[in-house]
Every structure is written in C-alpha cells, then in structure tokens.
Amino acid sequence: MPLWLREHRWRQTLTAVYLSLPLRGARATPSSIFCSEQYLKVSIPPFLFEAVLYAPIDDTNSTAKIGNGNIFFTLYKKEPAMWDSLTLANTDKEKLQYLRENAVLKAQEKAKEETEARKITKQEHKKYALEATMKLEEEERKRIEDLKEKERQKVVKELELWKNQQKDGDKYKSIQKKGELYQEIEPLKERKNEKMNKTRIPNEGTSKTRLKSTKGCSCSIFSQNLKEEQLPAPRAAATIKVNFTPRVFPTALRESRVAEEEEWLHKQAEARRIINSNLSELEDLKEEEKNPDWLKDKGNKMFAMGDYLGAVNAYNLAVRLNNSLPLLYLNRAACHLKLRNLHKAIEDSSKALELLTPPVPDNENARVKAHVRRGTAFCQLELYTEGLQDYEAALKIDPRNKNIEKDAEKIRHLIQGTMQSS
C-alpha cells in the first residue's frame, strides 16, 4: 500500500501556482514526476502524491525543482484567475480514473508527436547537410577542373613557344652552315682554275683524260680539306690541385662536432703534459696506473678496507693527473673526515661543489654528499651555524632524506642549547 503525501504548501498569483511538497527522506528523480494539463502525480515508493488541479495549466512551460528535501513546482495557469483551492473538490474515483487515463493518453500522444517532430527535424538537418556537402564538393571539383585547364593551356603555350624557338634555331644554324661552306669552297675553286690554266696539253684525248683525273683528284682533295678544317684543335694539358682540410680525426669535417673534438684534444694534451712532467711519483708507475680513473677505483677499495691514508695518497695522485674530477675531491673529503683532518675535508668539499656546476639532476647525489660532509666537518669544529646551512642546502636538494632531516634537527637543538647557556 502506498503512503499518501498529504502535507504540502501552496500559494498563487494571477498567472502561476507555487507548490512545495516534502519528500520525507525519499530520493526523487525527474522520472518520478508526471504532470499534464489538470493532473499532477509524484510517485516515490513508498510515497505517492496525486492531485486533480482546480483549472488547466500550461504543462509545457511549468517546472519542477528537487532540492533540500522538497520538490518545488511552478505551475503556470492557462487563464489568469485566482483559484479557490489547489484541487477540485468532491472528485470521485471514476472521475479520477478518467482524468488519469486521459492524462496518460495525452502524454503518450504528446511524446509521440515530439518524437515525430524530432525525427522530421533530424531528417531535414541531414538533408540540408547532404545538400551543403554536395554543393561544396561540386564547387571544389569545378575549382580543380579550372586549375587543370589553366595549367594545360599554360603548358600548351610553353610547348608552342619552345617549338617555334627550336625551328628558328635550326634555320639560323642551317643558314650559318651554308655561309661557312660557301666561304670555304670559293678559294678552292679559284685555286683549281689557276692550275687548269697553267697546264696546257696539245692532245685533246689526253687533256680530257687528265681533266677527268684532275676532276676526281680535285673532289677528293676538296673533301679531305673540308674534313681537316672541321677537326677541332687538341686540348691543352693542365694540372688541377686539390687541397683537403687537415684533420686529426678520421671522420669528415661535416660529420664531426668541432667543439667536442677540441675539448677532447685539450684534455689529452693536458694529461700528456702532466704525465710527461717531472713527477717523481710517476716514474715507478706502470702505464695503466697513470690513469686517474684507475687511481680513483684504487682509492675507493682502500677506503672500503679502512686504509684511509693509502686512499688519500691515491686520490692525491689522481688529482695531480686530473684536477677537474669532482668525485676525487669528494672521496678525499670522506677520507679526511675519517682521519679528523677537518679543515682539509672542508676544502675538498668546497672544491667539489665548485666543480659540480651548473646544478643538474645528474649531479644531485654528489652535491648532497658534498654539503653533508662539509656540514659534518663544520659541526665537529663546533661551527654549528655553518654546518646547519650545509645540511639545509642538502635538504633543499633531497627533501625526502629522513637521515639528513634528523641530523639537521639535532644541530638546531645544539645551537639552541649553546645560545641558552651563553
């Protein structure tokens, strides 16, 4: 059995009715509300509210808002008038059933009409979009055809112009060639006539035979002279010098990085200069023992075994071979801390921090170690303020390191204790 909601508040104006319906802890959704011209129903199981309105309303523009445990209805009247009550009085079950069924039928018809209207609108939109697309495609196709026609006409004109130029060039070449041949043939004919005038023989038969032979000879000589005159002159011999860019590396200059190569060559020259200098420590060493990396590894092994003096000697030699490696100073600072050489530990840590510039993510761990070792040396010298500064700098680089945070807190307590005692 549903529980009927009898409690509600309402007020009205000439054009609207404002109805407030409590939900009593139930959760309402828009699907729980049904409203027609003269029938209002709210179904929130197990609660039910049903009302036959006093006069018809505009159910299209009327609204319902759900919030703060209430449903607020704004029902706009179809005709401006003041209602005597919210619902019709003396509504029997049959009339209520009739109004309910009539409201449901009208709502179904209205929903069907809206669906059909949306369907028709959607079809019209699709038709319009299709027509617009076809129109755009037709314009694009026409534009492309026009461009093709223009390009074709342009190519045809260029081809005709080229053909005319070729014909004119061939004509000019033939005329020039004929002129050259004429200039060559004229002096040959003159020579031939001179020879024939000089040779006078009384016998006509012999003269005819000689003329025939001379004719044949003149033709062969003429053709041979033409061939000799048409041959081009031999080319002059010459030598071409090719100069190549001097390179230390086997790769071509266009495939190399000049700055990196120059830096590498500078480092190699510096290392050779140090090794070849008069260092008494290097005279007895083998060639592989003159490598700073090998000496650093040797010092690390000695430090792990507890031989701090031997490790310091290895690091000293490595620094003399290459004084630009920050890890050498950092490791030597750790050895000096073990040996209680606190001032030297501070110097080596400071030098390592100078070489660890600029600060980048790759050298974060080394910078943290340098600050911690220098801070430890300051604290052992009872310079707690300077030591705290180094520990705070290490915390800025690695804020998640709990050990550094604990040590920094201890140093703060020591500073406070010294200030209170003083």
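The values are calculated or read from the model by the stated rules, or taken from the named source; none is laboratory data. Predicted model, so just to flag it, every value in this text is computed and none were measured. All Cβ positions, even for glycine, are placed from backbone atoms using ideal geometry, and neighbour counts span all protein chains on display. Please note that ligands, DNA and RNA were not included when accessible areas were found on the heavy atoms of the full protein model with its side chains. Shrake-Rupley method; radii C 1.70, N 1.55, O 1.52, S 1.80 Å.
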By a straight-distance test (C-alpha under 22 Å), which lysines pair with Lys301 as possible cross-link partners, with residues fewer than eight away in the same chain excluded? Lys286, Lys290, Lys338, Lys344, Lys369
Just tell me which lysines come within less than 25 Å, Cα to Cα, of Lys142; anything on the same chain fewer than 8 places away is out. Lys126, Lys127, Lys150, Lys154, Lys157
What net charge do the residues around Tyr128 carry, taking every other residue with its C-beta under 14 Å from that of Tyr128, with Lys and Arg at +1 and Asp and Glu at -1? +2
Based on Cβ point charges of +1 for Lys and Arg and -1 for Asp and Glu, what charge dipole magnitude is obtained for the range 91-180 about its Cα centre, in debye rounded to the nearest 20? 440
Straight-line reach from Lys178: which lysines have Cα under 17 Å away, leaving out those fewer than 8 places along the same chain? Lys167, Lys189, Lys227
Residue separation times 0.36 nm, minus the C-alpha to C-alpha distance between Glu190 and Lys241: what's the value? 13.2 nm
Please give the solvent-accessible surface of Asp390 in Å², to the nearest 10, using a probe radius of 1.4 Å with every protein chain present. 10
Can you sort His371, His8 by solvent-accessible area, 1.4 Å probe, largest first? His8, His371
Tell me, what ³J(HN,Hα) does each residue in the range 156-162 have, in order and in whole Hz, if you take phi through Karplus 6.51 cos²θ - 1.76 cosθ + 1.60 with θ = phi - 60° and put x for Gly and Pro? 4, 4, 5, 5, 4, 4, 5
